[in-house]
Amino acid sequence: MQTSPKITDPISDSGSASVSSAPAEPAALDLPEAAPWTGNWSHLIAAWLFGAVVLAGLVVFIMHFGAIEVFVAKLRGANPLWLAAALCCQFATYVSAAAVWFRVLRRARSPLPFPSLLRLAFVELFANQAVPTGGLSGSLMVVRGLMLRGVASAVAVTALFIAALSYYAAYFMVGLLAFVLLWHSGDLNAAWRALFIAFAIVVTALGVALLLLSRSRDDLIPGAIRHWRPFAQLARMLSQVRVDMLRDPRLAFEVVTLQSGIFLLDAATLWCTGRAVGLNVDVGSSFMSFILASVVATLSPIPLGLGSFEGTCTGLLHLVGGGLEASLAATLIMRGLTLWLPMLPGLAMIRREASKTATIRSAAV
């Protein structure tokens, strides 16, 4: 969700943007596509199948060192109450994601009903997991959804930058905390140190680049290259950013807190699935395992982080004292709740949002 027709929502001198209710508003800003499957499903499905094969191979490899009977027994004997708690944690992640956009839109005086934002949050979180683009794929799709619902493009683009910046800030903080916990446990070897350096460089570079772009508006883009379509689109986006909202410390604190809450709730989901299969690992170790596995998956080129996330998370849970079979069972159940269970509804919602965009474009033409 990320030609350039005329801007229809001017920004006043005070920095406030008017909200257009016209259905053709999304055409005012043509964001770059964030979801590759809207154009070619076969490439994404092939990548997912490759990831599934990698995951299956990983499970077979891990079970070479464990007992398959114990692993199956752990899955079958999972405590339904703890699984229900894990589901509640996952639902809370969608609420937190929706609250990020709700708070930004309210600050811009362009509020939308929370249930509508909750549906967009589902699309956002699923897209972020399905297409690893550092959190931008889902955010761009939400921006399209906001504009389809009548939010002015200036407000929607500003919300995009605030959501992305808060995501990187929260990810860096929880990642740093996870590496500190790993260091405290005495297991921060050279490989993990190199991974932390790579993670810090990537996340910091993306965050700083977004911050500079958003605060400079379109001043950083030379006029000589603005006739090229990608740079023209970027300049158009940057020209509409509400700098006053980016400089609001209270808003920044609120959205970073909400984004951090999403990571903590995902880690709590892992802890609950661990308890469901009898894994005796404390909350801090579950948090460390989830965040570090997410870092590995983020830096991995495999879609959805299949194999890389599961292998890292299982290994870390086992490292901190969990049984191998229970660690793998907890990780796979957690991934089932966070990724595979929302797969079909997530894809359906994404296609629905894409079809809305296509319908409005056709009507505008």
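The values are calculated or read from the model by the stated rules, or taken from the named source; none is laboratory data. These numbers come from a predicted model, not from an experiment. Cβ: placed from backbone, ideal geometry, glycine included. Neighbour counts: every protein chain shown. For accessibility, only protein heavy atoms count, side chains too; no ligands or nucleic acids. Shrake-Rupley method; radii C 1.70, N 1.55, O 1.52, S 1.80 Å.
Dividing the convex hull volume of the Cα atoms of the stretch 134-198 by its residue count, what figure in Å³ per residue is obtained?
Values: hull volume 5.0 nm³, N = 65.
So the per-residue Cα hull volume is 77 Å³.
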Self-check item: I68 paired with A84, simple spin-label distance in nm, labels 7 Å along Cα-to-beta-carbon
Solution: 3.4 nm
Quiz prompt | By accessible area with a 1.4 Å probe, ligands and nucleic acids excluded, highest first: order of S214, S285 | solution = S285, S214
Exercise. For the stretch 286-291, take each phi angle, set θ = phi - 60°, evaluate the Karplus expression 6.51 cos²θ - 1.76 cosθ + 1.60, and give the result in whole Hz per residue in order, putting x for glycine and proline.
Key: 5, 4, 4, 5, 5, 5
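Order D244, D282 by their accessible area, 1.4 angstrom probe, all chains in place, largest first. Spell out each step's value before the answer.
Numbers: D244 60, D282 90 Å².
Most to least solvent-accessible, the answer reads D282, D244.
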Quiz item: Cα centroids of the stretch 75-96 and the stretch 261-305: how far apart, whole angstrom?
Solution: 13 Å
Self-check item: Solvent accessible area, Å² - C88, 1.4 Å probe, full protein context
Solution: 90 Å²
Quiz item: How many nm separate the modelled label positions at D248 and I201, each set 7 Å beyond the Cα in the direction of the Cβ?
Solution: 3.6 nm
Exercise. Using the Karplus curve 6.51 cos²θ - 1.76 cosθ + 1.60 with θ = phi - 60°, work out ³J(HN,Hα) for each residue of the stretch 158-171 in order, rounded to whole Hz, and write x for Gly and Pro.
Key: 4, 4, 4, 5, 5, 5, 5, 5, 5, 5, 5, 5, 5, 4
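Just reorder R76, R352, R250 by solvent-accessible area, largest first, 1.4 Å probe, all chains present. Intermediate values should be presented prior to the final figure.
On the way: R76 200, R352 140, R250 160 Å².
Of R76, R352, R250, the descending order of accessible area is R76, R250, R352.
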